[in-house]
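The values are calculated or read from the model by the stated rules, or taken from the named source; none is laboratory data. Please read these numbers as outputs of a predicted model, since none were measured by experiment. Glycine also receives a Cβ, built like all others from the backbone with ideal geometry; neighbour counts cover every protein chain displayed. Please note that ligands, DNA and RNA were not included when accessible areas were found on the heavy atoms of the full protein model with its side chains. Shrake-Rupley method; radii C 1.70, N 1.55, O 1.52, S 1.80 Å.
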Number of protein chains: 4
Amino acid sequence: MTEQLRICMLGAGRVGRLHSGTITRYVPGAAITALVDPATEILEQTGNDFEINGRYDSLEEALEKASFDAVVITTPTFTHRHLAILAAEHGKHIFLEKPMALSLAACDAIIEAVEHHGVILQMGFMRRFDPDFAAAAQRIRAGEIGQPTMIKTLTHGPGLPPAWANDIRTSNGMLAEVTSHDFDTIRWLMGSNIQRIYVETANFKGDDRGATAEHFYDNMFATMRLESGALGNISGVCPCDYGYDARAEVIGTKGIMLIGEMRGQALTVCINREQGLVTPIFRRWPERFAWAYINEIQGFVECVRNGTTPRVTGEDGRWAVAGVLAGTRSFLEERPVTLQEVFDAENPAPWLAGE
Amino acid sequence: MTEQLRICMLGAGRVGRLHSGTITRYVPGAAITALVDPATEILEQTGNDFEINGRYDSLEEALEKASFDAVVITTPTFTHRHLAILAAEHGKHIFLEKPMALSLAACDAIIEAVEHHGVILQMGFMRRFDPDFAAAAQRIRAGEIGQPTMIKTLTHGPGLPPAWANDIRTSNGMLAEVTSHDFDTIRWLMGSNIQRIYVETANFKGDDRGATAEHFYDNMFATMRLESGALGNISGVCPCDYGYDARAEVIGTKGIMLIGEMRGQALTVCINREQGLVTPIFRRWPERFAWAYINEIQGFVECVRNGTTPRVTGEDGRWAVAGVLAGTRSFLEERPVTLQEVFDAENPAPWLAGE
Amino acid sequence: MTEQLRICMLGAGRVGRLHSGTITRYVPGAAITALVDPATEILEQTGNDFEINGRYDSLEEALEKASFDAVVITTPTFTHRHLAILAAEHGKHIFLEKPMALSLAACDAIIEAVEHHGVILQMGFMRRFDPDFAAAAQRIRAGEIGQPTMIKTLTHGPGLPPAWANDIRTSNGMLAEVTSHDFDTIRWLMGSNIQRIYVETANFKGDDRGATAEHFYDNMFATMRLESGALGNISGVCPCDYGYDARAEVIGTKGIMLIGEMRGQALTVCINREQGLVTPIFRRWPERFAWAYINEIQGFVECVRNGTTPRVTGEDGRWAVAGVLAGTRSFLEERPVTLQEVFDAENPAPWLAGE
Amino acid sequence: MTEQLRICMLGAGRVGRLHSGTITRYVPGAAITALVDPATEILEQTGNDFEINGRYDSLEEALEKASFDAVVITTPTFTHRHLAILAAEHGKHIFLEKPMALSLAACDAIIEAVEHHGVILQMGFMRRFDPDFAAAAQRIRAGEIGQPTMIKTLTHGPGLPPAWANDIRTSNGMLAEVTSHDFDTIRWLMGSNIQRIYVETANFKGDDRGATAEHFYDNMFATMRLESGALGNISGVCPCDYGYDARAEVIGTKGIMLIGEMRGQALTVCINREQGLVTPIFRRWPERFAWAYINEIQGFVECVRNGTTPRVTGEDGRWAVAGVLAGTRSFLEERPVTLQEVFDAENPAPWLAGE
């Protein structure tokens, strides 16, 4: 049997636990040899649950005391620049959760460090590894629905993200934290960059849920024109409460393709004819994308082992960030914004409190 | 505009109301000019609801006092022989609800009267007029799934039928009253008569619901070999409580065809992620077969008008009765029974109290 | 039986044939006593097919020579103002196909004539009579999904409309001719008027199909903010080729509701395991909205008979036209446009060639 | 990290490859240290594909030369008795593919050896580990649909099994090789043993496919009465060609539950409105039960590690064999057969050529 890839998991919270569970239970090719979190209680809990013995306060400490080949970064977005660059400098391969970073400058710095130090960087856009979405991409590329002319994607997440993640000053808000996936999906499935974007937002639940940051929104439509001339639309709702929902529809000159579903299990019950048929919904994203989470880590392990380029790179991460910044500017200024404006701007994201 | 077909509706109860509503609301080519029911209250109620002025105690009275071209017979099965023959003798065309009659002798007598008096007889197997089932029949005939090798059909009805209709002595029970449709569907879709049949029954709710007749059953499987060598299976449940359910699956040498659905409306709601997606079910058969009920009456009107043969005839009704009799004998004697036995028997249905 | 409503059908083409078929076959309460079309061949064809004897070149001629209580207007949009006002002046009730008219001024003139002459005006927004959409509206009103926060609707039509209907100068283009229904659906389901709108368009098939009008588009997203603070999105594709597609998704503070479907029949076949399951799609709108077309005419007949207000009025028609005008201005000027701008403008639709 | 369970895989063919792939790719807790197959070419191919170095002609050789804790038996049914007993005698835990064996005597001998030598035996009824079926079992147990009254299950397999597996003399035929799963599913979901069974078979493709064994059949219905009074039905088709199909419907006194689906992926395409919507089907069983295959091996590893009883035991395997024997006798003798007859018979399976 081949040597296992030794992983340092950065972040022992929700996403860190998800990846720890996936690796421990379903990825024979990798082992978590170090776990990092400054929050002691969470560190111990996750360490115990997944039998990870090496536990550290910081990446710096782990680098000093533990042996590993790669990091999986699941910490808040504003820490990505520092952690990814530090890992790269120590020759560690990087699996980086979305969004890549807060700013284009941070994305550029990460990409530069990765290239300079010759490590592999894979972005955590797991939809590219989902069987439904991956088959869709392949079939669109093969021309099955003709030239793609229009795409609608949606991400509706059940629960309110933490305060830092719903405040545009510290995270770029829902566009970044929830619908980064959609920005990547649109570029990927349509084979074209976004040219301009218009965003409308609404806030219905903020006050009730204690999300009081200025410009907080929980409902959002982003409408785009792509460089290819095609159109795109993202629907974002968070918290939506009713479950986790991630679907897409693509129109081409020859027809339509529908990707994904809401149904969480092939199990339907009817015990009340006034109510009708009841079928489970995906409650949380780990259920919806269980295969994608396994596949993306398996893919990362293979890329590191074989020195091949990941299916989703820093460049892809950077484009999603650019879309998020243009979209945020759009709803703040109530007008369509081109990505070129963002690339050319001296300060593309004046609302940010810093990174 | 063409002259309307004048109809005498026999029976003002549940099924009579259904056909009265269909004709009054959706069939410009026909008008109900007479309504017959010995139960005065029901007669008045249905007469008022559908604005039918001619109301009578009996077909005999209606024949004497009213003008009409055809009868629609919706009364209990044991009355079919008398009413159908009387109508035929007076030159009235006949739309006859299923089951055709209790015995083969009664079927024969009706068929003979119809032929002798030159009237049109259409059986109420409305599935033949349902868009899903009708398209299925056409596509099977066209060879799309190859030679049909196996069929499963089901009828699960929500409520307990009246006492006469769940007692095998007065109605032949569920096999006749509920799954007559399935017997006809199997012959029709498979293009073959039944050769032998084996039936298992179970009784779970009888006592609780007051269905105390000997041999009462509420769950039933009928397994058949057809003359073509293909196999058939009917699943019958009544009362099933959860809604009205009528579906079929056909296997052919080339593939499979699934016909019908449980979903009553293209409307799905999720407001509780622990519960999931909720979609209406067909609650009662008028919802499931709304188009079929319209189409079968429109078809009857056209046959009468043009003197053409109905899509479903007395011969078809007789075959369904033969299947019911063989099936009933099967579960009473706990063995497979051939239809030939039924055709040859001196008394094919000794359990019957008379007709 | 009650007296039939006598109808003069204006327009013997595609939509005129649809309504003629519906009325003749499924609406006992009405009869078409006059048919009007200046195109002789079409007039004869439709007249023969539906056995309508009174055939005329113009409404003027029909008013002179025929007896009728109401008109059904299915002619091109630019004729609506003249025909509706003429009908009202002669005391004829009006069923008017969408879009109501080209301009707000025309809508106002029609509404005024209708009020002045005391006739009934019902707009042909048949989705309000579709069982799925109607049940959705009722359940949203009842609060089932909480306060509505977001809606997505779509209309994708299979074939290229006639030249006048895809040129914004003569018809306001796809926004009007195809997605008028969506504008009405959004207002109706969300219980709120549109406040502002942003539209992106794309043209992929125009050249190949001979649609050479300036500003022709075949793919369109319209994104809206409603007065209630909720958001709306329409996706329009025409010609989409793959079938007729009309669906909606509504998000509320409590959950989600999905309305409608693509599947045209509950009949699934698999005869090739590399291809998979195959199910019919709605090919044309008469299939998708068969019940809605019956129900809306039955509803119109009842309103005329009982003097009640139709479920969908001239006011509703006017709001859809306002949305269309704002949306058209939006994509021409590449900015969000408020409906107030349209209401306040001296010339709200400078692109129009006249009405 | 815990020590890996060392597995000797018996059989390098189709099923051996499936389990080898599952273990190698998705089960960190186990490693295949020995592979056994007398067919050298297959042994080398599978050994190479999954990087298994220890390769042997026979279990005897492997026991002598290799170190392992458990065996996974995927060889033809008639070898199960010998291999399972030999493994037990050497203290190896056993994962045994279905059907357990050809005869009840063989089942008894295996169970006795397992008990005597204190090893763990898990049967390969993977449906018990499928998320849909497992959730169904749990919800039925919890009383959600009331008392179960009726069950229909089906297994339709795409391709013709090898000659030994479609000849009742060497394998008990399709009832055993294909629908063993259904016999287990019925007992498990209904919580009751089978009391009697009636089977009808048909043969449509045998001649064309070279399946010339006497009593060969490719279509089969098995109808049962359970000890609880409930009814059961199995539909078996093999080869069905159109894909792999495994579903169940359970009726209870309160309602209905539908388990499983045909759709292989949440990806629907329409590019031809005359054809309609096209969705992938499960082509082969590894696709349909991918999670179940992972979960059952993970479950086996845990049972061995913790010394707990597997979810599906030798006793379960034996009941399925008893059902198969009664069913085979039923169609040979054209009558219902009780399981008691099989248990009491001197020679319960006279058609068998020996084991």
Once phi is turned into ³J(HN,Hα) by the Karplus curve 6.51 cos²θ - 1.76 cosθ + 1.60 with θ = phi - 60°, what whole-Hz value does each residue of the stretch D:306-313 show in order, with x for glycine and proline?
9, x, 9, 7, x, 5, 9, 10
Accessible area drop of at least 30 Å² (1.4 Å probe, protein heavy atoms): which residues of the stretch D:18-35 qualify, relative to the chain alone?
D:25, D:26, D:28
Explain nothing, just the number: dipole magnitude of the protein assembly as shown about its Cα centre with +1 on each Lys and Arg Cβ and -1 on each Asp and Glu Cβ, in debye rounded to the nearest 20.
0
So which residue, out of B:277, B:96, B:339, gets the largest mean-square fluctuation from a GNM of chain B using Cα contacts under 10 Å as springs?
B:277
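Sum -39500 (n - 2.57) across every DSSP H segment of at least 4 residues in chain D, then divide by the residue count to get the 222 nm mean residue ellipticity, nearest 500.
Numbers: 15 runs with 140 residues, N = 355.
Result for chain D, helices only: -11500 deg cm²/dmol.
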What is the gain in length, in nm to one decimal, between residue A:335 and residue A:144 on full extension, counting 0.36 nm per residue of separation less the C-alpha to C-alpha distance?
65.2 nm
Please work out the FRET efficiency for the pair residue A:212 and residue A:82, using the Cβ-Cβ distance as r and a Förster radius of 35 Å; give the result to the nearest 0.05.
0.80
Whole-Hz Karplus couplings 3J(HN,Hα) for the stretch B:253-268, θ = phi - 60° and coefficients 6.51, -1.76, 1.60, Gly and Pro as x, run 4, 9, x, 10, 9, 10, 10, x, 7, 9, 5, x, 6, 7, 8, 10
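Any chance you could tell me what percent of the C-alpha pair distances in the stretch B:26-137 go past 26 Å?
Details: 1432 of 6216 pairs.
Here the tail beyond 26 Å accounts for 23 percent of pairs.
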Using only the Cα atoms, what convex hull volume per residue in Å³ does chain B have?
163
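Rolling a 1.4 angstrom probe over the protein heavy atoms, how many square angstrom per residue are accessible across chain A? All intermediate terms of the calculation are to be shown ahead of the outcome.
On the way: 12020 Å² over 355 residues.
Normalised by residue count, the accessible surface of chain A is 34 Å².
Over 19 Å, how big is the tail of the calculated P(r) for the stretch D:185-315, in percent of all Cα pairs? Write out the running numbers ahead of the final one.
Working: 5902 of 8515 pairs.
When every Cα pair of the stretch D:185-315 is considered, 69 percent fall beyond 19 Å.
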Can you give the % of DSSP beta bridges in chain D that are antiparallel, to the nearest 5?
55
How many nanometers, to one decimal and shortest first, lie between the label point of residue B:340 and those of its other copies, if labels sit 7 Å from Cα toward Cβ?
3.3, 8.6, 8.8
dims of the stretch C:246-333, Cα set, principal axes, largest to smallest, nearest Å -> 55, 45, 33
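When the chain is fully extended, how far beyond the present Cα-Cα distance does residue A:65 get from residue A:228, taking 0.36 nm per residue of separation? Show your work: numbers first, answer last.
Working: separation 163, 0.36 × 163 = 58.68 nm, distance 5.02 nm.
Fully extending the segment from residue A:65 to residue A:228 adds 53.7 nm.
Based on the Cα gyration tensor of the stretch C:76-126, what are the three equivalent ellipsoid semi-axes, each the root of five times an eigenvalue, rounded to whole Å and given largest first? List each step's numbers first, then the result.
Values: eigenvalues 48, 28, 17 Å².
Equivalent-ellipsoid dimensions as semi-axes: 15, 12, 9 Å.
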Starting from the Cα of residue D:98, draw a straight line to each of the lysines and keep only those under 30 Å, dropping any in the same chain fewer than 8 residues away.
B:152, B:254, D:65, D:152, D:205
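For the protein assembly as shown, compute Rg over Rh where Rg is the Cα radius of gyration and Rh is the Kirkwood radius from the inverse mean 1/r over Cα pairs. Intermediate results must be reported in sequence, preceding the final value.
Details: Rg = 34.8 Å, Rh = 34.9 Å.
Here the Rg-to-Rh quotient is 1.00.
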Got a sec to turn the phi values of the stretch C:181-192 into Karplus ³J(HN,Hα) couplings, 6.51 cos²θ - 1.76 cosθ + 1.60 with θ = phi - 60°, whole Hz, x for Gly and Pro?
4, 5, 4, 5, 4, 5, 4, 5, 6, 8, x, 7
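Taking a cut-off of 22 Å, what percent of all Cα-Cα pairs in the stretch D:118-230 are separated by more than that? The partial results should precede the final answer.
Working: 2742 of 6328 pairs.
The calculated P(r) of the stretch D:118-230 puts 43 percent of pairs beyond 22 Å.
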In whole angstrom, the spacing between the Cα centers of the stretch D:8-34 and the stretch B:125-180 equals 47
The chain C residue whose Cβ lies closest to the rotation axis carrying chain C onto chain D, with that distance rounded to whole Å, is C:278, 3
The stretch D:92-161 -> Rg/Rh from Cα coords, Kirkwood Rh, value 1.07
Centre separation in Å (Cα based) which lies between the stretch A:190-250 and the stretch C:277-338:
27
